[in-house]
Amino acid sequence: MDTDEECSIVLQLSENDPFFDEKKKLLQCKGFSPKERIFLRHASESHRMNDTVKILLQIARIIQLNELELYFAEDDASVEFYSPRNELEALNSIILVTDKSLSSCTFSHTNILQGLRQTILDLLSDFGDQKNTKGAIEKHHICEKEEHLIEWGKSLGVKTQLKIAYVEGAGRGMIGGKDLKVGDTAIEIPVSLIISEELVLETDMYRLLKEVDGISSETILLLWSMKEKYNCDSKFKFYFDTLPEKFNTGLSFGIEAITMLDGTLLFEEIMQAREHLHAQYDELVPALCNGFPDIFPPELYTWEKFLWACELWYSNSMKIMFSDGKLRTCLIPLAGFLNHSLHPHIMHYGKVDPSTNSLKFCLSRPCRSGEECCLSYGNFSSSHFITFYGFLPQGDNPYDIIPLDIDSSDVDSIEHKPVSNWTTHMVRGTWLSNNHRIFHYGLPSPLLDHLRRSRSSVLQTKTLLQGNLESELEVLGDLKDIFDDMVDNMGDIELDDSENYNWDEKMALDFKNLQRRIAHSVSNSCSSGVNMLKNELQKCMAEDIMG
C-alpha cells in the first residue's frame, strides 16, 4: 500500500501486444513481470530515485521494443540501450504514466512524482546532448520564398515556434526560434491547409478519375499536384513555389550510380521501384492526355513531371489520421521542411487534434533556440531513405539490416525441437551488439538458434561440451562463408574521390561501403567466434586426456 512517504506507479505490458510472449520472456530474464509495480520515495533521496529510474527504464525499454529491435534484443542483464527510438519512447512513456498519476494523486505524493518527472526530463535533455549529430546552420543562405510561405501560413492559422534555415549537409530544415521543452508544440497546422484527397473531390479531374478502375486516392492526388504546381491561382502557390525543381532521390539515379550498386539491396529496390512507376505512367497517363487533353494537358504530364510528382509525394507526404477516423496520405506545407533524424525531437505527429481541428507537432525531447528540430520519418533502412527520400541518415541506423534467404519451415517442424517465433532472419552491423562472448558473437540469437537447429536433431544447450563446440564451429563456418562471398560480390572498396563523382554516385558509393561494412563485421565476428570456440575445444580435449 502507498504511504505518505512512499507511492507507486505501475508499468504494464499489454496483453494485446503482438509480441507479448517474447517481451514477457525478456522481462522475466531481467527479473520483472509483465505488470510491475515500482515504489517511489521522496526525491531528496537522489541515489534512491536514480536506482528507481534505472529499474523503470529497463522495463519501459522492453515494453516499447518494436519487431526488429526485439529480433536483435539480447537477454544479457547488462544491456541498457536498444535504439534511439526505443530510448525516447521509453522515457516518454514513463512521463505519460507519471502525469497520469499526478492528475489523481494526493498532495503528499506530488513532490515524489514531480521529482521522478524532472529526473526523466533531465535524461531526455542529456540524451539529446549526447546524440545530436546534425550539422551547423548556414547563416549566409537567404530563405525569401520560405519566409513568404511562413507568413502565408500564419495568416491562415499556422502557429509555429520554428524558423526555416539551411543546415550544413542537409539543405533546408527548421530550427528552434526559442528554447522548447518536452511536450511543447513546435508547429501547428490547421486541417484547412493540409493537402489531402478532400481538395480534389469537387474538381473535374476527380469526377473523371473516380471512374478509373483500381485508381487510388494517392494516385489521384499525384496527378492533381502535377497540374496544380503550374496553377497561378492555386491556394497553395506559396507552397509549390518553395518546392525544388528536382528531387535527388534514388528514383533519379543515373546509370553510373545504379551500376555502382550492383550486388547490393539498394540496386534491387531502385530497379523495382522505377519499373513500377514506368508501368503506372504508361498504363494511365498517355490515355488520359489523349482522351481528355483539356483536363490533362500533355505538356504538364510528361514522364519527367510524373517522376517529379512521385518523388514529391514519396519524400514529403505523411500518413494522417483525421477526426473522422480515416487515415489519409497528405502533403503538409511547412511541416515538410522538418528533416529526419535517428535522434528526433518529434516522434508522434500523425493524428488531427479534434478539439482544435489541427495537426500538432509536439516535442518528445527538448530543442534549444537555433538548434535544428527534427522528426522521425519512420523506422526505415538506409536503402529506403535513399530510394524515396534522397539521403543517407547520419550515424548508425539500427534498421540497416541484411536479410537472409533462409527457409525456416522445414527446420521448425522437426519433432522434439522448439518452434521458432521468427520466420525470417537477418543480420546488422555487429558493432551494435553488446554481447560478443561465446555462443553470442555479436550476432542475433534467433538466427544462431535457427542455424543450430538446422544442423542437429538434438536440442543443444549453451554449455562448453565438445559436441556443442564442434557444432558451433560448423555454424559459424557456414555463416562466415556466406558473408565472405557477399563482400567479394560487392567488389573492392572504392576510394572516395568526391570531386569526380556526381551526387548520385556519391550516395551510391556511401551505401555500398555501408553494406560492405555490415557484411565484413559479420565475417569478422564469425572469425573471432571460431577462435574462441577452438580455444575452448582445446581445453575440453585436454581435460579428456587428463581424465
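The values are calculated or read from the model by the stated rules, or taken from the named source; none is laboratory data. Note that the structure is predicted; figures quoted are calculated from it, not measured. Using ideal geometry, Cβ is built from the backbone for each residue, glycine included, and neighbour counts are taken over all protein chains shown. These accessible areas exclude ligands, DNA and RNA; they are computed on the full protein's heavy atoms, side chains included. Shrake-Rupley method; radii C 1.70, N 1.55, O 1.52, S 1.80 Å.
For this structure, a couple of remarks:
- Matching residues, segment 151-178, being within 23 Å of the chain's Cα centre (by Cα), small (G, A, S) and surrounded by fewer than 17 Cβ atoms within 10 Å (Cβ to Cβ): G169, G171
- Check on E299, more than 30 Å from A165 (Cα to Cα), part of a helix (DSSP H, G or I) and of a type in the set (D, E, K, R): yes
- Residue in segment 99-109 that is surrounded by fewer than 19 Cβ atoms within 10 Å (Cβ to Cβ), in a loop (DSSP other than H, G, I, E, B) and not polar (S, T, N, Q) present: yes
- Evaluating S155 against the criteria (1) among the hydroxyl-bearing types (S, T, Y); (2) farther than 26 Å from G370 by Cβ; (3) without any contact (Cβ under 8 Å) to a residue 24 or more places away in the chain leaves one unmet condition, (2).
- Restricted to segment 88-104, and to residues there that are of a type outside the set (S, T, N, Q) and in contact with a helix residue (DSSP H, G or I) (Cβ under 6 Å, 6 or more places away or on another chain), the residue that is modelled with the lowest pLDDT is L102.
- Test result for F81, exposed (fewer than 14 other Cβ atoms within 10 Å of the Cβ) and outside any helix (DSSP H, G or I): yes
- Every residue from segment 444-468 that is touching a residue at least 24 places away in the same chain (Cβ under 8 Å), in a loop (DSSP other than H, G, I, E, B) and in contact with a helix residue (DSSP H, G or I) (Cβ under 6 Å, 6 or more places away or on another chain): P444, L464
- None of E283, E311 is under 30 Å from the mean Cα position of the chain (by Cα) and farther than 25 Å from S155 by Cα except E311.
- Within segment 389-430, if we keep just the residues that are aromatic (F, W, Y) and either under 20 Å from N66 (Cα atoms) or loosely packed, with under 12 Cβ neighbours inside 10 Å (or both), the residue that is modelled with the highest pLDDT turns out to be Y399.
- You will find that of K246, K210, K235, the residue that is open to solvent by 60 Å² or more (accessible area, probe 1.4 Å), at pLDDT below 95 and either under 17 Å from W303 (Cβ atoms) or within 24 Å of the chain's Cα centre (by Cα) (or both) is K246 and no other.
- Only listed residue being in contact with a Gly (Cβ under 6 Å, 6 or more places away or on another chain) and either over 30 Å from Y239 (Cβ atoms) or modelled with pLDDT under 85 (or both), chosen from G169, G115: G169
- Residues of segment 198-250 classified as among the hydrophobic types (A, V, I, L, M, F, W, C) and closer than 19 Å to G336 by Cα, total: 10
- Scanning segment 358-365 turns up no residue that is of a type in the set (F, W, Y) and assigned to a helix (DSSP H, G or I).
- Qualifying positions in segment 179-205 - of a type in the set (V, I, T), in a strand (DSSP E or B) and open to solvent by less than 20 Å² (accessible area, probe 1.4 Å): I187, I189, I195
- Among the candidates L96, L123, L113, residue that is surrounded by 19 or more Cβ atoms within 10 Å (Cβ to Cβ), out of contact with any Phe, Trp or Tyr (no Cβ under 9 Å at 6 or more places or on another chain) and in a helix (DSSP H, G or I): L113
- Within segment 357-371, tally of residues that are basic (K, R) and touching a helix residue (DSSP H, G or I) at 6+ places or on another chain (Cβ under 8 Å): 1
- Scope segment 346-375; condition in contact (Cβ under 8 Å) with a residue 60 or more places away in the chain and open to solvent by 20 Å² or more (accessible area, probe 1.4 Å); matching residues: M347, T356, N357, K360, C362, P366, R368, S369, G370, E371
- Of all residues in segment 318-345, those satisfying the criterion of being closer than 23 Å to S383 by Cβ and either open to solvent by 30 Å² or more (accessible area, probe 1.4 Å) or part of a strand (DSSP E or B) (or both) are M318, K319, T329, H340.
- Contact map, segment 63-78: first residue of a type in the set (V, I, T), second residue open to solvent by 50 Å² or more (accessible area, probe 1.4 Å) and at pLDDT 95 or above, Cβ cut-off under 9 Å, separation 6 or more or different chains; pairs are I63/Q12; I63/S14.
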